[in-house]
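All remarks here apply to the structure that follows.
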Amino acid sequence: MKRLALLMIPALLLAGCTNKNYELNLTVAAPAGAPSACLYKYLAGDKVEVLAAKDASNLVSYMQNKQKDVVILPTNAGVMAITKQNVEYKIAATITFGNLFIGATGHDADGVLDADDYVVLIQKGNVPDKLFQYCYGDLGLTNTHYIEAPTTNVSAVLATGKDPENSNADVDYVLIAEPAFTAAKAQNASVTQYASLQEKYKEKSGDKEITQASVFVSNSADKEEVDKFLAQLEKDIKAFVNNPSVLDKYVKDFDGVTFAAKFGVPSAQMLKNVTTNGNRMGLGYKSAKENKESIDQFLSLWPAIGTTSEEIYY
């Protein structure tokens, strides 16, 4: 019996080690939101730095200064840093494929987005705006207005149907990301989805995907550790999309403020609800090299970048 007990100890220790697949031997930086949600297993540790939206521009500087083994950021910004600033990173995978929607307030009498409707847009000149202009720029819209405030304010615009930055004018449509859309709909049942920007983009691009945020890895990072991390990341994302409740055990010690700061979402329940309801955060995993056509199509919205070369792919 003693011999059996001694044999069991190493087995238990080994089992404990294999369950700790959330340990990480790389340093990682990501913006709060859909990209950080993909890292749910790691956010309780000290190897992942999550930046709020207002600080996310620092992610490029991390690449410039080789501060992190892995940086997750908008695909266009990362590729631009590689091709124009010669940072020593490669694009490895895309993990978010768009979480943008056009919400309708119910004010538009004919229910069709057209030239004279009052439309509120976000992030002028950045990814959401570029995608909207690609999908709807040919409508000749004459009454567009930009909200640069936090997503909570954009959500309030959709929920109230009023633009506080323009004398509370009546708003017809709002470009908005999840989970802000779900928050607005919860406040006002008359709010509806007019369109998914992801689906509209596919229609216009010949079924190419929005490759919104991608994983960039340092040329100097340990390849074995990077490969292990990428393989685990793919499994983690698939597990979360298939069953959002897997999140629970990794965030049980987070208070509300900490959760919101790390995930860019007010609560775990909201993140799970949005994911359960058709994966509306746009989470997924695709090797960048195998998805080059979609990446090049997405990057064509920034003509200065040009077509990517094979050398920048991990």
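The values are calculated or read from the model by the stated rules, or taken from the named source; none is laboratory data. Quantities reported herein were computed from a predicted structural model and do not represent experimental measurements. Neighbour counts are summed over all protein chains in view; Cβ atoms, including those assigned to glycine, are modelled from backbone coordinates with ideal geometry. Calculation scope for accessible area: heavy atoms of the full protein, side chains included, ligands and nucleic acids excluded. Shrake-Rupley method; radii C 1.70, N 1.55, O 1.52, S 1.80 Å.
For Ser190, project a label point 7 Å along Cα to C-beta. Then give me every residue of the stretch 65-103 with its amide nitrogen under 18 Å of that point.
Correct set: 103.
Between (1) 21.2, 83; (2) 25.1, 83; (3) 20.2, 70, which entry matches Rg and Dmax of the Cα atoms in Å as derived from the coordinates of this structure?
The value matching this structure is (1).
So if we plug the beta-carbon distance of Glu165 and Gln85 into 1/(1 + (r/R0)^6) with R0 = 22 Å, what FRET efficiency do we get, rounded to 0.05?
0.05
What FRET efficiency would be calculated for the residue pair Thr276, Asp253, taking the C-beta separation as r and a Förster radius of 30 Å, to the nearest 0.05?
On the way: r = 23 Å, r/R0 = 0.77.
With a Förster radius of 30 Å, E is 0.85.
Where the centroid of each part is defined by its Cα atoms, how far is the stretch 75-115 from the stretch 25-71 in Å?
19 Å
Charges at C-beta only: +1 for Lys and Arg, -1 for Asp and Glu. How large is the resulting dipole of the chain about its Cα centre, in Debye rounded to 20?
In debye, rounded to 20, the chain gives about 1440.
Roughly how many nanometres apart are two label points built 7 Å out from the Cα toward the Cβ at Lys204 and Asn242?
Distance between label points: 3.5 nm.
Using each residue's phi in the stretch 42-48, evaluate 6.51 cos²θ - 1.76 cosθ + 1.60 at θ = phi - 60° and report the 3J(HN,Hα) Karplus result to the nearest Hz, with x for Gly and Pro.
Karplus values, whole Hz, x for Gly and Pro: 9, 6, 7, x, 10, 9, 10.
Using a probe of 1.4 angstrom, how much of the accessible area of the stretch 247-297 is carbon and sulfur, in percent?
48 percent
Using Cα pairs under 8 angstrom and six or more residues apart, how large is the relative contact order of the stretch 195-281, in percent?
16 percent
Which one of Ala261, Ser245, Tyr313 has its Cα pushed farthest toward the positive end of the charge dipole of the chain, where Lys and Arg give +1 and Asp and Glu give -1 at the Cβ?
The listed residue farthest towards the positive side: Ser245.
As a check on your grasp of the helix formula, calculate [θ] at 222 nm for the chain: sum -39500 (n - 2.57) over DSSP H runs of n ≥ 4, divide by the residue count, round to the nearest 500.
After summing the helix terms and dividing by residue count, I get -11500 deg cm²/dmol.
So, in Å, what gap is there between the alpha-carbon centers of the stretch 130-199 and the stretch 208-223?
Taking the Cα centre of each part, the stretch 130-199 and the stretch 208-223 sit 30 Å apart.
Using a cut-off of under 20 Å, list every residue of the stretch 233-264 whose amide N is near the label point 7 Å from the Cα of Asn25 along the Cα-to-beta-carbon line.
Once the point is set 7 Å along Cα→Cβ of Asn25, 233-236 turn out to lie under 20 Å by backbone N, inside the stretch 233-264.
Under 8 Å for C-alpha pairs, at least 6 residues apart: give me the relative contact order for the chain, rounded to a whole percent. Present the calculation step by step, with values, prior to reporting the outcome.
On the way: 535 pairs, mean separation 83.7, N = 314.
Across the chain, relative contact order equals 27 percent.
Between Ala231 and Gln133, what is the label-to-label distance in nm when each label sits 7 Å out along the Cα-to-Cβ direction?
The two pseudo-label positions are separated by 4.3 nm.
Under 16 Å between alpha carbons, and skipping anything fewer than 8 positions from Lys249 in its own chain: which aspartates and glutamates qualify?
Filter leaves Glu23, Asp236.
Expressed as an acute angle from 0 to 90° and rounded to the nearest 10, what is the orientation of the C-alpha long axis of helix 151-160 relative to the principal long axis of the chain?
40 degrees
For the chain, modelled as a Gaussian network with Cα springs under 10 Å, which listed residue fluctuates most, Thr83, Thr151, Thr75?
Thr83
With r defined as the distance between the Cβ atoms of Gln269 and His145 and R0 fixed at 41 Å, what FRET efficiency is calculated, to the nearest 0.05?
Using R0 = 41 Å, I get an efficiency of 0.80.
Near Lys68, which lysines are there with a Cα under 20 Å away, not counting those fewer than 8 places off in the same chain?
Counting by Cα, and skipping residues close in sequence, Lys68 has these lysines nearby: Lys41, Lys47, Lys54, Lys84, Lys90, Lys223, Lys228, Lys262.
Whole number in Å², please: accessible area per residue of the stretch 115-252, 1.4 Å probe, ligands, DNA and RNA not counted.
47 Å²
Could you tell me what percent of the DSSP beta bridges with both partners in the chain are antiparallel, to the nearest 5?
Values: 25 of 38 bridges.
So the antiparallel bridges in the chain amount to around 65 percent.
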